[in-house]
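Trainee: Let me give you the structure first, and then I'll get to my questions.
The values are calculated or read from the model by the stated rules, or taken from the named source; none is laboratory data. Note that the coordinates shown come from a computational prediction; the quantities given were computed from them, not determined experimentally. FYI the Cβ positions are ideal-geometry reconstructions off the backbone, even for glycines, and counts take in every protein chain you see. Note: areas computed on protein heavy atoms with side chains; ligands, DNA, RNA excluded. Shrake-Rupley method; radii C 1.70, N 1.55, O 1.52, S 1.80 Å.
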Amino acid sequence: MNITILSLFPEILRGFFESSIMARAVERGLVSYTLTDIRDYATDKHRKCDDELFGGGPGMLMKPEPLSAALEAAGARQARVVYVSPGGRLFNQAYAGELAHEERLILLCGRYEGIDQRVIDTYVTDEVSIGDYVLSSGEVAAMVLVDAIYRLIPGVITGESLEEESFEGGLLEYPQYTRPALYDSMTVPDVLVSGHHANIARWRFKKRLEKTLLYRPDLLQGKGLEGDLRALIKELTEQGGE
Ligand code: ADE
């Protein structure tokens, strides 16, 4: 996948691309990227990229001309262009999976009050929010998106790690433990050291359900829960325990 990010502060993003799993994906040719400074496309001597709002109101808006020049140079008319904004469609795991199939992604980071609507109308294919809160920096939202997307590209991380993590199958992840078996007077659930794979799988599934019921009951809605699963949920709801 080729990722281009257009930003007024590309240095915020550089460390992310140069570290850890992303750095390895780049090295192995699974991801390539370009970080573009939108200011390089401003034409006046002050390299101005923002201006006041028509109709009045607080704050400044990103001007259309530097943005459209940067987008044209990035080949935005032939790519999926994602504008990260609190006013966009809510991002989730399924959306990350959809974007992970793209050969090429262009991300546009907003600052100030956002960007001129005409740029959105001309170039943006996806306006995406990472949650119901407002960040001062679109770069942080862009990193969240890229992180959730690129790790789903085959070969970036092992398939097994992806299989049982939170949101796979629409449930949150089960609690996990590592050595030592006794830590600060706390032990590990017996079932996990029993070596009984079927019981471990059942315990984990039950814990996933329990956690989902507690924190994210909305994820269970409309799943058409059948037989076993329905009984297990009933048992968990009534007992509230193991
Ligand atoms: N920029 C500022 N807040 C944001 C949000 N919640 N999601 C995406 N981009 C943003």
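Trainee: Test ARG202 against the stated conditions and say whether it is out of contact with any helix residue (DSSP H, G or I) (no Cβ under 6 Å at 6 or more places or on another chain), part of a helix (DSSP H, G or I) and open to solvent by less than 90 Å² (accessible area, probe 1.4 Å).
Mentor: no
Trainee: Tell me, which strands (runs of 3 or more DSSP E) lie completely within the stretch 1-77 with 1 or more residues that are under 27 Å from LEU152 (Cβ atoms)?
Mentor: By residue number, 2-7, 32-37.
Trainee: Regarding PRO180, is this residue open to solvent by less than 70 Å² (accessible area, probe 1.4 Å), farther than 30 Å from TYR83 by Cβ and modelled with pLDDT of 95 or more?
Mentor: In short, no.
Trainee: If we scan the stretch 102-110, do we find a residue that is at pLDDT below 95, surrounded by 13 or more Cβ atoms within 10 Å (Cβ to Cβ) and touching a strand residue (DSSP E or B) at 6+ places or on another chain (Cβ under 8 Å)?
Mentor: Yes, the stretch 102-110 contains a residue that is at pLDDT below 95, surrounded by 13 or more Cβ atoms within 10 Å (Cβ to Cβ) and touching a strand residue (DSSP E or B) at 6+ places or on another chain (Cβ under 8 Å).
Trainee: Filter the stretch 111-152 down to the residues that are farther than 20 Å from ALA69 by Cα and away from the ligand (no atom under 13 Å from the Cβ), then identify the one that is surrounded by the fewest Cβ atoms within 10 Å (Cβ to Cβ).
Mentor: The selected residue is ASP147.
Trainee: Which ones in the stretch 75-117 are touching a helix residue (DSSP H, G or I) at 6+ places or on another chain (Cβ under 8 Å) and of a type in the set (Asp, Glu)?
Mentor: ASP116
Trainee: If I go through the stretch 27-48 residue by residue, how many of them are more than 19 Å from HIS101 (Cβ to Cβ), hydrophobic (A, V, I, L, M, F, W, C) and out of contact with any strand residue (DSSP E or B) (no Cβ under 6 Å at 6 or more places or on another chain)?
Mentor: 1
Trainee: Is at least one residue of the stretch 86-93 within 23 Å of GLU11 (Cα to Cα), within 16 Å of the ligand (Cβ to nearest atom) and in contact with a Phe, Trp or Tyr (Cβ under 9 Å, 6 or more places away or on another chain)?
Mentor: yes
Trainee: Restricting attention to the stretch 153-174, report how many residues are in contact with a helix residue (DSSP H, G or I) (Cβ under 6 Å, 6 or more places away or on another chain) and either open to solvent by less than 70 Å² (accessible area, probe 1.4 Å) or among the hydroxyl-bearing types (Ser, Thr, Tyr) (or both).
Mentor: The total comes to 5.
Table: residues versus (1) assigned by TED's automatic domain parsing to the domain that holds PHE9; (2) in contact with a strand residue (DSSP E or B) (Cβ under 9 Å, 6 or more places away or on another chain); (3) at pLDDT 95 or above.
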{"site": "ILE153", "(1), (2), (3)": "yes, no, yes"}
{"site": "ASP184", "(1), (2), (3)": "no, no, yes"}
{"site": "ALA198", "(1), (2), (3)": "no, no, yes"}
{"site": "ALA201", "(1), (2), (3)": "no, no, yes"}
{"site": "GLY227", "(1), (2), (3)": "no, no, no"}
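Trainee: Regarding ALA94, is this residue outside any strand (DSSP E or B), aliphatic (A, V, I, L, M) and surrounded by 19 or more Cβ atoms within 10 Å (Cβ to Cβ)?
Mentor: No; evaluated as a whole, the condition is false for this residue.
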